[in-house]
Each structure stands twice: as structure tokens, then as C-alpha cells.
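**Student:** Mind having a look at this structure? Questions to follow.
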Amino acid sequence: MKTLVMGLGNVLMGDDGFGPFVVKVLESRYDFPGEVSLLDAGTPGLDLVPFLTGPEAVVIVDTVKAEAPPGTLKRYGREAILRHLPEARLSPHDPSLKEVLLTLDFAGKGPREVTLVGTVPASVAAGPGLSAPVRAAVEAAVEAVRVELERLGVPARPKAEPGDPDLWWER
Amino acid sequence: MARITVDPITRIEGHLRIDVEVDGGVVRDSWSSGQMFRGIEIILKGRDPRDAWLFTQRFCGVCTTVHAIASVRAVENALGLEIPLNAQYIRNLLVIAHALHDHIVHFYHLSALDWVDVVEALKADPAKAASLGESLSPWPGNSRRQMEAVKAKLKEFVDRGQLGIFANGYWGHPAMKLPPEVNLLAVAHYLQALDYQQKANKVVAILGAKTPNIQNLAVGGVANAINLDNESALNMTKLFAVKDLLEEVRDFVQQVYLVDVCAVGALYAHWLGYGAGVTNYLAVPDLPLDTKGTQFDLPGGTIFDGNLAGAKAFTSFQDAYFRDNVEESIAHSWYDGDWQRHPWKEETEPKYGDFDPNGKYSWVKAPRFMGRPMQVGPLAQMLVGYATGHELTKKWVDYALNTAGSVAGTKLSPSVLHGTLGRHLARAVRCAVLSDLGVKHWGLLATNIGKGDTEIFTPFEFPRGEQQGFGFHEAPRGTLSHWVVIENGKIKNYQAVVPSTWNAGPRDGKGQKGPYEASLVGNPIADPKRPLEVLRTIHSFDPCLACAIHTVDAEGQEISRVRVL
């Protein structure tokens, strides 16, 4: 099953860098089957379309808004993500995950399986680096992705010699 | 007198808020309040200037390429570097492909629903839609069968009980005026556009090694090793893949996108008078053809007070006319102080306060050129190009005015371009110009490599002492400039003046409104609770303000509020 693991977020804006951070940790720790690709996608808005057209399954790591303390890990499937429809398009740069999934839905081209693994941010102020509670959520997110890949039938294999994650923006 | 606040105009953290005062169904006054990414100099201070572009391209996830290009140019300018021709051409192809992708997405997926009533498309006769499409364009994607398929798909979608992506739109709004057949054509093209924007994006991915966040730039050139005999270098296979993609996208742009905008614009001809605002225009030349940046394939310069005859061009990457006349004002912005300064002399001391329409009300600074507010974007570049005799601009502007004019049944002159519809038209025209230039610059690169030139990089060393540099780039949204001060090989100061700052900025110390604010005055508002007309005008600028953070609201707590007081 062609699968994409995608980290969304801005690495220069504090906890917003959570998604790319988790992707870098995954890359340093595991080998993946050929049909799985990993991507630090930044904050591409509607530009997500090319990445979500093609894979049959997508696992997204991101920050999420929820009534829960910072660092809480949340997991959502496609129905949960789309449960609340986007509000009237008030900006050309609103578009995000929901809009892209719905657009691809209309075009008949989207992924069958969509999972969002997210954490509640503490701070998204300018400056690279995760806050303590969000940094503490990284391990749980890595495990959640690993479990999801296993469920999809494309399990990750621990590397014989794991390296350090390439967190270039923190150097 | 009603006061309408649309807040946020974006639904991600950091947003644009627009306030308008409406009297007698017309906007009389307006305020644009935005939250920009700030603190970039904190992140860049002390860093190696060769790394700056990796960080600056993360300012905005949609426009990663543009900040990377502006950054390397700023450092190269500080050091007086010449860039090998291959590197210029590869950068140009990235710039062109990114813009093609961006403009297509902007019209179909971000703005079309301001003008197209998707629900009305269900009333269309597919045969009539097809024959209308075929009368306007040789595009093979306008057949009756295709129109029937799109209508069926739309019906199925609607019958499922949820409009999905089309829910919460302005269906049935009195300002929607297109006949059902044009609505259906637009929906069909909306779907096709999804494919073609991806093709353009693929060119960026091939040349940039990945997108978003390309990897192939370097101060002094690019990192794409050119080796026709090597699998992993830039070789013939990759070059021809790029060529095929550029040609396919060119056909879509010229036969579908531009035609659609002309047709829709003509059918909304009563809107031609709205949304002009600031008629001072600023654009920078781009697509350098030489190693020094003194010859360009895209025009740039200034126009003041709508006077095309007085247009003055920028002539090089070192042009003092540009360098010396850019300033930013913080008079009405949430920073400490009241100054208007050149970017090399700016500091950033944020000082947040309440929204005070008579005082400080925005995080966005107010850039000014020779003290005047300037509108930036494709309209600025196309007007400067038209005024200075740029051939490709003239070709496509004339084509667009003729096409729109024939649908509207009237002769249209370039003066109609000042305004909301003009901005959409100019963007489509710019896209057509770029679609021709993509194929041309591919040819320039291939020919140069064919001569045996595989140079991609100019080595250099940082001198001791202090250097100042500026890099400009005409991004899809308009003039972008990065300003760097380097001391002993490290960044001492870094400022970015981004296109949406020029357009979305607040009043300056003299009370001169910014372009968004000025463009809204005089717009009609049919229904204050559904301010579609405000969105039409703001969207025509293609705002890109708060792309800095991405947070999914999976629990539906965040709402966009339209308040009418």
C-alpha cells in the first residue's frame, strides 16, 4: 500500500515544528518498506494536493487545536478530520488539510486511509525549538506512527544503527 | 452606517482582519490588520549567510522558493558575485514553474468560488457548455462528454447531502451572475487545474530536488550537477521531462486559464470599476539572462498615479533607484516607536496593543517607495511591462483585452485593468507570459549545456569587515526583497519586505492607506452579513500573510466571524 508519512508545520515557529521533528526522528531510527515515503512538508496549504494524490494511505503528524494540555497526543481518522466542514473561504491561504481532502474527494483522487497524529502546542512563537511538554510528546507520536504503519501492513524496521535526527533548524 | 469586521480572513494562527465601514450599501472606509511572521532577524543573527536561504524559505510554506531565491541574491549582491549562466537558467525555471503552479491554484482553487456558483452549474446544459467552451478555445478538454461527466460528478456529490469543499460558499448570493453553462465549464476546469498545477509543481521538484522547500540552491549558484552521462545528475532524461511538463502546462494556461479569466471577467464587466485603490505600482525585473543581473526577461519598475507614460524601469540587481527608495513605517503598527526607515537601518521591537483604528492596529509594517504606498503583484508587473514596451506582455495583454472585449461586446482598453477584475486578468496574463518564457528558458539552458558549459557555481570567500546587500525577486504575489548586513562572514542584520506587506500594510505616518484598504473604498456591499464583495477584492490580491503556522482544528472550535455592528 503506497503510504506517505508527512510532517506538517513550520520549524521556525516553536511547537509548530512538531510534525517535521517527528519525521526526522522516524528517519533516524527506522528503515521503511519501499512503498513508504517520509516527507517534511512544511506548511504548504493547498499545495498539499500533489502529495495527497497518489498514496493510498497518509499518516500526518501536526499540531492540533484541542481542549487539552500542551503535549497531549491526539489521533484522528478521516471522518473525525472532516466532521467539521471548513468555514466559508475567507482567505486564499486558509486552505489546509480539510480543504485538500475535500477537494480530492470531489475529484475522486484522494487517499483511502488518512490518519492524523497530533499534539497540542504550548507556544508557537518565533524561534526554532519545541517546548518541554511538546518535546515530551515526540516519543508517543513516533510510536503512534509506527503502530499505524504496522496496521496498514507496511511496518517500519528498527535500524541496526540508529543515528541522530537531522534537526538542522535547531543547530 | 454599519461597521463590518471580517475576522479572521485566514483561519490559521496569525491572521488578516478586515474592517470596513459601510454606508448606503457602499464601503466608505477600511482597515487592514495582519499578523506577519516576525522575529526572523533573531533566528538569522550570527548565522552563516550561506545558510540563510534554508531558514528564510521556511517563512512561508506556500512560497518557499521565492524566499530562497531572494536570500541567495541578497548575499550575492553584498559580495558582488556573478552567477554562472546555467545556474541563472535553472533558477529561472524554478521561478517560472513555481509561479505557474501558484497562479493556477490561486484562480481555480482559491478565488473562482467568489465568482462561480457551483450549485448553478447543476442547471447547465452540458452540450451548450461544450459548444461555448469550443467557441472560445481549441482546448480538447471541453467536449460534451466531459461536461456531462463533470455535471454527473457534481450532482452525485451534492446528492450525498454535503457539498464538501463547496459547502459554506456564497451560493445564490445576488452578486453571482454567471450563466449555468459558464459555471459548469468553470467546475470542469477546476478539476483539470488540479492536474496541471501538479505538473508545474513537478518541474520544481525535479530541479529543486524536492518541493516544498527546495534543496538545490547555493550562494554563488545552484547545486544541480550537470552531467549528461550520469543517472543522478541533471541529465537529458530529466531535462526532457521538464520540457514536456512545461509544454503541457503552457497549453493549459493559454487555452484554459487565461480564456476562463477573460470570459468570467467579461461577464462581470459591471465590476470593472471596483477595487482600484492605490494606483502607484511597483514591480522588479526578473529572470536574469546574464551572470551579473543586468538583462531580464520580465520587466520591473514604477508607475505613479496610474500614469503609464511616466513608468520608470529598474535596470539591474544593483539598481540604486530601487535600493535607495524602500522604507517601512511603523506609525500604525504594533512596534515600539513611530519611524519610517530603510530596511538596513530597521530594528524590530514588537509592542502589541489593542486594535486602535486611529492608532496602531496591525503587525504588518507599511512599506513605502519614495514615501508613496505601492501596489505590487502581477498587475504591477504587467502594467510596467505594457508601459515600457515589453513584447510578451503587450502580446498577452492585448490578447486578453480583445478576448474579454469580444465576450463583453465592447472594446476594452488597458485602463480597465486598475481594479479587482484587472488583478485577476493580469495574473492570468502574467501566467501566459511565463508559460512562453518557461519553454524559452528551457531552450537557453539546453543550448548552453550543449555548448559544453556545465558550470553551476562561483566559489568565493567572505571578506573581513561589513557588507550590505539586497536581493529582489518578483514573486507570484509581487515584489519581494531581502536586505542583509554581513560582518566578518556572519549575519549582523536581516530584513525581509514581502509582497503582501506592501499590499496588506496599514496606514503610514501621513495617514496614507495601504493598497488593501484603499481598494475596498467604493466597493458595493449587497448584504453585510455575507460580504462576498470584500472577499472578491481581497482575494484578487492573492494575500499570503500568515502562512507561518499550520494548526489543524480537528475539533471544530475555531470559527471565522463576520461581525456587523
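**Student:** Going through A:LEU90, A:LEU52, A:LEU97 one at a time, which residue ends up being modelled with pLDDT under 90, more than 10 Å from every other protein chain (Cβ to nearest Cβ) and touching a helix residue (DSSP H, G or I) at 6+ places or on another chain (Cβ under 8 Å)?
**Tutor:** A:LEU52
**Student:** Hey, another quick one. How do the pairs read when you match residues in region A:154-171 that are within 14 Å of another protein chain (Cβ to nearest Cβ) and in contact (Cβ under 8 Å) with a residue 60 or more places away in the chain with residues anywhere that are surrounded by 10 or more Cβ atoms within 10 Å (Cβ to Cβ) and part of a loop (DSSP other than H, G, I, E, B), using Cβ under 6 Å and keeping only pairs 6 or more apart or on different chains?
**Tutor:** From residues that are within 14 Å of another protein chain (Cβ to nearest Cβ) and in contact (Cβ under 8 Å) with a residue 60 or more places away in the chain, the pairs are A:TRP169/A:VAL11; A:TRP169/A:PRO128.
**Student:** Name every residue in region A:133-142 that is part of a helix (DSSP H, G or I) and either farther than 18 Å from A:PRO33 by Cβ or touching a Pro at 6+ places or on another chain (Cβ under 9 Å) (or both), in order of residue number.
**Tutor:** A:PRO133, A:VAL134, A:ARG135, A:VAL138, A:GLU139, A:ALA140, A:ALA141, listed by residue number.
**Student:** Moving on. Going by what's in this entry, would B:PRO367 be described as closer than 27 Å to B:ILE42 by Cα, under 21 Å from the mean Cα position of the chain (by Cα) and surrounded by 15 or more Cβ atoms within 10 Å (Cβ to Cβ)?
**Tutor:** Considered against the rule, which asks whether it is closer than 27 Å to B:ILE42 by Cα, under 21 Å from the mean Cα position of the chain (by Cα) and surrounded by 15 or more Cβ atoms within 10 Å (Cβ to Cβ), B:PRO367 comes out as yes.
Results for (1) more than 12 Å from the chain's Cα centre (by Cα); (2) more than 9 Å from chain B (Cβ to nearest Cβ); (3) modelled with pLDDT of 90 or more, shown as yes or no for each residue.
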{"position": "A:MET1", "(1), (2), (3)": "yes, yes, yes"}
{"position": "A:MET6", "(1), (2), (3)": "no, yes, yes"}
{"position": "A:GLY19", "(1), (2), (3)": "no, no, yes"}
{"position": "A:VAL22", "(1), (2), (3)": "no, yes, yes"}
{"position": "A:VAL25", "(1), (2), (3)": "yes, yes, yes"}
{"position": "A:ARG29", "(1), (2), (3)": "yes, yes, yes"}
{"position": "A:LEU39", "(1), (2), (3)": "no, no, yes"}
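**Student:** In region B:273-311, which residues are out of contact with any helix residue (DSSP H, G or I) (no Cβ under 7 Å at 6 or more places or on another chain) and at positive phi?
**Tutor:** Those that are out of contact with any helix residue (DSSP H, G or I) (no Cβ under 7 Å at 6 or more places or on another chain) and at positive phi: B:GLY293, B:ASP305, B:GLY306.
**Student:** I've got another one for you. Can you tell me which residues in region B:119-142 are surrounded by fewer than 17 Cβ atoms within 10 Å (Cβ to Cβ) and without any contact (Cβ under 8 Å) to a residue 40 or more places away in the chain?
**Tutor:** Result: B:ALA127, B:SER131, B:GLU134, B:SER135, B:PRO140.
**Student:** Now, a different point. Check A:THR43 against each of (1) modelled with pLDDT of 85 or more; (2) at negative phi; (3) out of contact with any Lys or Arg (no Cβ under 7 Å at 6 or more places or on another chain) and name the one condition it does not meet.
**Tutor:** Among (1) modelled with pLDDT of 85 or more; (2) at negative phi; (3) out of contact with any Lys or Arg (no Cβ under 7 Å at 6 or more places or on another chain), the lone unmet condition for A:THR43 is (1).
**Student:** State whether the residues of region B:290-298 include one that is in contact with a Gly (Cβ under 8 Å, 6 or more places away or on another chain), crowded, with 22+ Cβ neighbours inside 10 Å and more than 30 Å from B:LEU178 (Cβ to Cβ).
**Tutor:** Within region B:290-298, one or more residues are in contact with a Gly (Cβ under 8 Å, 6 or more places away or on another chain), crowded, with 22+ Cβ neighbours inside 10 Å and more than 30 Å from B:LEU178 (Cβ to Cβ).
**Student:** Now, a different point. Go through region B:271-301 and count every residue that is over 18 Å from B:VAL72 (Cα atoms) and touching a residue at least 40 places away in the same chain (Cβ under 8 Å).
**Tutor:** Total meeting the criteria: 18.
**Student:** What is the one condition in (1) facing chain B (nearest Cβ under 7 Å); (2) closer than 21 Å to B:PHE55 by Cβ that A:ALA66 does not satisfy?
**Tutor:** Just one mismatch for A:ALA66, condition (2).
**Student:** Out of B:ASP436, B:ASP453, which single residue is in a loop (DSSP other than H, G, I, E, B) and of a type in the set (Asp, Glu)?
**Tutor:** Testing whether each residue is in a loop (DSSP other than H, G, I, E, B) and of a type in the set (Asp, Glu) leaves just B:ASP453.
**Student:** Restrict the check to region B:298-310 and report whether at least one residue is touching a Pro at 6+ places or on another chain (Cβ under 9 Å), within 19 Å of B:VAL484 (Cβ to Cβ) and not small (Gly, Ala, Ser).
**Tutor:** no
**Student:** B:VAL150: farther than 18 Å from B:LEU245 by Cα and outside any loop (DSSP other than H, G, I, E, B), yes or no?
**Tutor:** yes
**Student:** Separate question: What is the residue count in region B:456-485 for residues that are in a loop (DSSP other than H, G, I, E, B) and without any contact (Cβ under 8 Å) to a residue 40 or more places away in the chain?
**Tutor:** Residues in region B:456-485 being in a loop (DSSP other than H, G, I, E, B) and without any contact (Cβ under 8 Å) to a residue 40 or more places away in the chain: 3 in total.
**Student:** For region A:113-127, how many residues are surrounded by fewer than 20 Cβ atoms within 10 Å (Cβ to Cβ), at pLDDT 85 or above and either out of contact with any strand residue (DSSP E or B) (no Cβ under 7 Å at 6 or more places or on another chain) or within 7 Å of chain B (Cβ to nearest Cβ) (or both)?
**Tutor:** 1
**Student:** Mind checking whether some residue in region B:384-403 is in contact with a Phe, Trp or Tyr (Cβ under 6 Å, 6 or more places away or on another chain) and touching a residue at least 40 places away in the same chain (Cβ under 8 Å)?
**Tutor:** yes
**Student:** Hey, could you check region A:66-86 for residues that are surrounded by 19 or more Cβ atoms within 10 Å (Cβ to Cβ) and part of a loop (DSSP other than H, G, I, E, B) and say which is modelled with the highest pLDDT?
**Tutor:** Among those residues, the one meeting the criterion is A:GLY71.
**Student:** Which of the helices (runs of 4 or more DSSP H) contained wholly in region B:37-143 include at least 2 residues that are more than 13 Å from chain A (Cβ to nearest Cβ) and at pLDDT 95 or above?
**Tutor:** B:64-79, B:85-105, B:126-136
**Student:** Follow-up question, since we're still on this one. Quick one: what pairs do we get from region B:54-82, first residue farther than 19 Å from B:GLU466 by Cα, second in a helix (DSSP H, G or I) and of a type in the set (Asp, Glu), C-beta under 8 Å, 6+ apart or different chains?
**Tutor:** If the second residue must be in a helix (DSSP H, G or I) and of a type in the set (Asp, Glu), the pairs left are B:GLY61/A:ASP47; B:VAL62/A:ASP47; B:VAL62/B:ASP102; B:CYS63/B:ASP102.
**Student:** Continuing with the same structure: When B:GLY505 is evaluated against the numbered criteria (1) surrounded by 17 or more Cβ atoms within 10 Å (Cβ to Cβ); (2) of a type outside the set (Lys, Arg); (3) within 23 Å of the chain's Cα centre (by Cα); (4) within 30 Å of B:GLY220 (Cα to Cα), which criterion, by number, is the only one it fails?
**Tutor:** For B:GLY505, the failing item is (4).
**Student:** Would you check which residues across region B:440-454 are over 21 Å from B:ILE96 (Cα atoms) and in contact (Cβ under 8 Å) with a residue 12 or more places away in the chain and list them?
**Tutor:** Hits for region B:440-454 are B:ASP453, B:THR454.
**Student:** Tell me the residue from B:LYS177, B:LYS210, B:LYS199, B:LYS155 that is within 14 Å of chain A (Cβ to nearest Cβ), basic (Lys, Arg) and assigned to a loop (DSSP other than H, G, I, E, B), please.
**Tutor:** So the residue among B:LYS177, B:LYS210, B:LYS199, B:LYS155 that is within 14 Å of chain A (Cβ to nearest Cβ), basic (Lys, Arg) and assigned to a loop (DSSP other than H, G, I, E, B) is B:LYS210.
The values are calculated or read from the model by the stated rules, or taken from the named source; none is laboratory data. A quick note: this is a predicted structure, and the numbers were derived from the prediction, not measured. Cβ coordinates were reconstructed from backbone atoms using ideal geometry, including for glycine residues, and neighbour counts include every protein chain displayed.
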